[in-house]
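The values are calculated or read from the model by the stated rules, or taken from the named source; none is laboratory data. None of the values given here were measured: they were computed from a predicted structure. Using ideal geometry, Cβ is built from the backbone for each residue, glycine included, and neighbour counts are taken over all protein chains shown. Just so you know, the surface numbers come from the protein's heavy atoms only, side chains and all, with ligands and any DNA or RNA stripped out. Shrake-Rupley method; radii C 1.70, N 1.55, O 1.52, S 1.80 Å.
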Amino acid sequence: MKWLELVTVGGATLVSAVTVVFLYSLGVRLTAIAGDAEQSSPGIKRSLAYACFGLCGLAVLFGLYLIIPYFSK
């Protein structure tokens, strides 16, 4: 078995999973902050939250693109 390739795949999986979880949690946090009544500019925080959710969705779609052989022909 090629151990370096196994470590590379494991590292890429760990980094991508942490990235998706971080983006999603940041989006949830920004949505909660934007929903606070005392915020002066909730629109900016809400748009950043939607951008985080969008990046999270793009990362998931890219992962599906890499996994499904039909798309990578």
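Have a look at Gly27, Gly57, Gly43 and point out the one that is surrounded by 11 or more Cβ atoms within 10 Å (Cβ to Cβ), touching a helix residue (DSSP H, G or I) at 6+ places or on another chain (Cβ under 8 Å) and assigned to a helix (DSSP H, G or I).
Only one candidate qualifies: Gly27.
Quick one: in the range 60-73, of everything that is open to solvent by 80 Å² or more (accessible area, probe 1.4 Å) and in a loop (DSSP other than H, G, I, E, B), which residue is farthest from Ala34 (Cα to Cα)?
Here the answer is Lys73.
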